[in-house]
1. Tell me whether region B:284-293 contains one or more residues that are closer than 24 Å to B:Pro144 by Cα and part of a helix (DSSP H, G or I).
2. Taking region B:313-336 as the region of interest, how many residues are of a type in the set (A, V, I, L, M, F, W, C) and part of a loop (DSSP other than H, G, I, E, B)?
3. Give the residue that is farthest from A:Thr70 (Cα to Cα), with candidates limited to residues of region A:234-251 that are charged (D, E, K, R) and surrounded by 15 or more Cβ atoms within 10 Å (Cβ to Cβ).
4. Using beta carbons and a limit of 6 Å, which pairs, at least six apart or on different chains, have the first residue in region B:156-169 and in contact (Cβ under 8 Å) with a residue 24 or more places away in the chain and the second one in a helix (DSSP H, G or I) and of a type in the set (Val, Ile, Thr)?
5. Checking B:Phe356 against (1) surrounded by fewer than 23 Cβ atoms within 10 Å (Cβ to Cβ); (2) closer than 24 Å to B:Gln129 by Cα; (3) modelled with pLDDT of 90 or more, only one condition comes out false. Which one?
6. Return only the number of the condition from (1) closer than 30 Å to B:Ile75 by Cβ; (2) surrounded by 24 or more Cβ atoms within 10 Å (Cβ to Cβ) that B:Phe417 does not satisfy.
7. Given the residues B:Arg317, B:Arg322, B:Arg307, which is the only one that is touching a Gly at 6+ places or on another chain (Cβ under 8 Å) and modelled with pLDDT of 85 or more?
8. Please work out if B:Leu442 is within 14 Å of chain A (Cβ to nearest Cβ) and either surrounded by fewer than 18 Cβ atoms within 10 Å (Cβ to Cβ) or part of a helix (DSSP H, G or I) (or both).
Amino acid sequence: MPATFSRRCLGCLLLLLLCTRVSGGTPAGPAVATEKLKPASKQNSQSVSEHEIVLSGAPVEKSVSVPSPTKVELTCKLDENSHLKDPQVTWKKGSETISHTSKSRNSWTIQLTISDSSHLGTYTCILKGEKELSAVFHLQVPKIEGREKPIITYEGDRAVMVCKTEYNPKAWIWYMNMTNGTGQVSIDKVLPTDKFLIKRQSAKVSRLEILKLTKEDRGVYWCEASFDLGTSEARFELRVLSFTAPLKPFLAIVAEVAILVTAIALLEVYSKRKEKRGEKESDQIEQLKSEDVPRRRK
Amino acid sequence: MPAPAEVGRAPGPPDGGWGWVVVFGAFLSIGFAYAFPKGLAIFFKEIQDFFGTSYSEVAWVSSIMLATTYGAGPISSILVNRYGSRPVVMFGGLLCGVGMVSAAFCTSILQLYVCVGFITGFGLALNLQPSVIIVGKYFLKRRPIANGLAMAGSPVMLCTLAPLNQFLFENFGWRGSFLILGAILLHCCVAGALFRPIGARTALVKTPVTEEGNDALKGKITEDGPMENRTEEEEGKDCFEKINQYLDFSLFKHRGFLIYLIGNVLMFLGFFAPIVFLAPYAKHTGIDEYSAAFLLSILAVVDMVARPATGIIANSRWVRPRIQYFFSFAIAFNGACHLLCPLASSYTGLIVYSSFFGLAFGMVCAMLFETLMDLVGAARFTSAVGLVTIAECCTILLGPPIGGILIDTFGDYKYMFIKCGAVMVLAGTFLFIMNYYNYRMLAKEEKERKRKEEDPKSVRTEDEGKKNWNKDSTQDGPELEPLREKGERVKKEMNGTVEV
């Protein structure tokens, strides 16, 4: 994820305007369509998953998640508008060449049976002609979502870490780094149940709750999902603050507001007094004038 | 004491001076009221994970807040009628602060609904209406500009709150952020402190000047003193008149008000949904998340510029007398943008759409309250705005879910855009036609009035039924302190010019 501040701002503008929606829930439309449109992937009933990349110029990479042993078909297709004619096509995994078949005039396919983790990796198709075009497929264990930014919590509160994935893992394990630096310890074993709660909300979501937080609970936590072909991990960083941390800015802002309001009130009182003084003076002038007139008459 | 010759040449609203400070205060206040519910969305994912609820349950927080802000409009109006703008806004600011601070200690989502939804929402309602009302009291000639500037607070606050909320969230988590946001909302009290009460254009003394007083710009005439005398005589109307004292239900007989109400209620059905669905639509057409967010930024920036610009245009000699037409045009233009949106499927097309949408959105928002003031006069505006916001509350909340249902049913965004566009074009046309009719009726009534002027009058007469609500003499309400009235000037509201 790009880390520049402006990008983050845009990200949150997106989020905040999305969330003005009432509880109509997420429409099916965008949920379905937020997959990348360019490469299409399908899964047919014989559990052969097909993945295709259309090459037009720039090199393209695609990640393919393989949760369980399956057959996979990878296709490189040449864009109709491309000028490359009759290229020489090679499929490679690492340095090893794989034989391919040509399904149609401008597409080349390899079929793979993924049965253990050695079959995962990076597969490249290279088209050589006047120019060289390439596409890369990364076959890997499904990634799990964690949180990149640190989670901020407070003493006495509880911390919640949620791990999600799109596929069904066999098991979830949570680890934490012991503060005396002895490496990772599985939380299941440590388990005082009034302190650590692990809930599996659904097959795809696992939730760790840490209750009655203290400063010692801060650090790094890991969530690991095991699939048939391997495991994947997500990292969480927990920070525990004391409640005085936000209290200081809070009091500062309240003091500022109080000062502003008093200043405005004083300004108003002062200007009213000036006005009254001004009025009094003009009244006096009027009085003097009106006294003048009869005197003159005399 | 003013010389007798000065009677009949009372000062109008300041149209400047402290008025601009009031506009700044209103800018802050309105900005918080509109932008704050949207800005909270950054915290929703974290709150959802923390309480283990679904996304919709968390989104209810925002909806409850929005509903309370609009729904508590009449209460706001009643309080302003009774106490004036300043105390109400300051109390509203305090309430917002208290709401958010208590939200920082919440332990369940229901408590969040109450603290953030109801309490803070109510506080924001007490901010929004009085700010709009007091701008109308301080300005007449330059009112459209003042309104445009004050309403520009919304996009500016949104652009400020979004990164600020993100920063607070990353450094303090959601609880700490709510605490600090509570303190930030206290700035509404500062805005309220700036709302110096201003005298109404009421006659303290019966003047020999005839007053064709219907559209005369009065700050706020409370019917306290004289009303009480009268109601003792007419006991049948006792309760009704007491209610009318605080919230002017007779507005429902006001032609202009009804036109505005129907038109706006219709318009809001299609007003907010496109903003909500713009980013998902962009992602649907294959644009990445950050470029989609960029579209919304373009919208916000164009909106920010469009609002004061519209105010200036609406204030010009050519537009001001026919400001209702301009408003209808803005709404129809907005609708046309939405109707054309499905044709834009490339990123450049969407950028163009966002810019025009931002422009149209800004135009409509800048004139939203100005046109209402124009129709009912600043005096009855207090009650009018309350009644209008509670009516709009329903359609505002219905708009996005209906759009969502359309998208779900058809699986395509274009029907949602077509629906929004059609509704707004319809609303714009309706307003255009009805206002044409209204202008004509007003011109007729004006002629009638001029004809009646042949007869000498010593009392204000009750003219053609629609826009009048004269009382014989008035008592100072809470707003009438500094500026004492020495007489009254006839002002023609519809022409927007002041006859000196």
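The values are calculated or read from the model by the stated rules, or taken from the named source; none is laboratory data. Computed from a predicted model, the values in this text were never measured in an experiment. Cβ: placed from backbone, ideal geometry, glycine included. Neighbour counts: every protein chain shown.
1. Start the filter on region B:284-293 by keeping residues that are closer than 24 Å to B:Pro144 by Cα, which leaves none.
No: region B:284-293 contains no residue that is closer than 24 Å to B:Pro144 by Cα and part of a helix (DSSP H, G or I).
2. Narrowing region B:313-336 to residues of a type in the set (A, V, I, L, M, F, W, C): B:313-314, B:318-319, B:323, B:326-327, B:329-333, B:336.
Adding the requirement that they be part of a loop (DSSP other than H, G, I, E, B) leaves B:318-319.
Residues in region B:313-336 being of a type in the set (A, V, I, L, M, F, W, C) and part of a loop (DSSP other than H, G, I, E, B): 2 in total.
3. The first filter runs over region A:234-251 and keeps only residues charged (D, E, K, R), leaving A:235, A:237, A:239, A:248.
So of that shortlist, the ones also surrounded by 15 or more Cβ atoms within 10 Å (Cβ to Cβ) come out as A:237, A:239.
Values: A:Glu237: 35, A:Arg239: 41 Å.
The qualifying residue farthest from A:Thr70 (Cα to Cα) is A:Arg239.
4. Between residues of region B:156-169 that are in contact (Cβ under 8 Å) with a residue 24 or more places away in the chain and residues that are in a helix (DSSP H, G or I) and of a type in the set (Val, Ile, Thr), the close pairs are B:Asn165/B:Ile42; B:Gln166/B:Ile42; B:Phe169/B:Ile42.
5. (2)
6. Among (1) closer than 30 Å to B:Ile75 by Cβ; (2) surrounded by 24 or more Cβ atoms within 10 Å (Cβ to Cβ), B:Phe417 violates only (1).
7. Working: B:Arg317 fails: touching a Gly at 6+ places or on another chain (Cβ under 8 Å); B:Arg322 fails: touching a Gly at 6+ places or on another chain (Cβ under 8 Å).
None of the others qualify; the one that does is B:Arg307.
8. Numbers: within 14 Å of chain A (Cβ to nearest Cβ): no; either surrounded by fewer than 18 Cβ atoms within 10 Å (Cβ to Cβ) or part of a helix (DSSP H, G or I) (or both): yes.
It is false that B:Leu442 is within 14 Å of chain A (Cβ to nearest Cβ) and either surrounded by fewer than 18 Cβ atoms within 10 Å (Cβ to Cβ) or part of a helix (DSSP H, G or I) (or both).
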